[in-house]
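Written below as C-alpha cells is the structure these notes are about.
The values are calculated or read from the model by the stated rules, or taken from the named source; none is laboratory data. Quick caveat: nothing in here was measured; it's all calculated off a predicted structure. Positions of Cβ are generated from backbone atoms using ideal geometry, with glycine treated the same way; all protein chains shown enter the neighbour counts.
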Amino acid sequence: MPIRYTPAGGRTYQGAVAYIRILFTPVGLFIALYIVVGIFYNTAPPHLPAVAFSVTALHSWIQYLISIFLWPLSFWHPLLSVSQWPAGSTP
C-alpha cells in the first residue's frame, strides 16, 4: 500500500515524494525533531548497540528504539516507589 498525501491544494503525491512532503509539514517537522531529541538526549557512549546478529543485540536495539520514542518519560519522577520511602518518613 503506497503512501499518499493530499495537501490543501488538492494535488495528490505518492511514494517517496509523499513521504518527503509529509516530512516538511509542521507535524512532520515536529515528529522529526522529537526523534532527533530522543536520539541525542537519551543516548550515552557508545551511542549504538552492538551490530553482531544475536538475540542479545536484537534486544539491545529494541531497547534503544523504545528509549528514543519514550524519552519524555525520563522527566517523570514518582513520589512513591516500591524500593524507597518518601523523605522524612520511616518504614
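Details
Residue-by-condition table, conditions (1) in a loop (DSSP other than H, G, I, E, B); (2) touching a Lys or Arg at 6+ places or on another chain (Cβ under 9 Å); (3) at pLDDT 80 or above; (4) among the β-branched types (Val, Ile, Thr):
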{"site": "ARG21", "(1), (2), (3), (4)": "no, no, yes, no"}
{"site": "ILE31", "(1), (2), (3), (4)": "no, no, yes, yes"}
{"site": "GLY38", "(1), (2), (3), (4)": "no, no, yes, no"}
{"site": "ALA50", "(1), (2), (3), (4)": "yes, no, no, no"}
{"site": "THR56", "(1), (2), (3), (4)": "no, no, yes, yes"}
{"site": "LEU65", "(1), (2), (3), (4)": "no, no, yes, no"}
{"site": "ILE68", "(1), (2), (3), (4)": "no, no, yes, yes"}
{"site": "SER74", "(1), (2), (3), (4)": "no, no, no, no"}
{"site": "LEU79", "(1), (2), (3), (4)": "yes, no, no, no"}
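- Listed by first and then second residue, the pairs linking a residue in segment 18-42 that is acidic (Asp, Glu) to a residue that is exposed (fewer than 13 other Cβ atoms within 10 Å of the Cβ), with Cβ atoms under 6 Å apart and 6 or more places separating them unless they lie on different chains, form an empty list.
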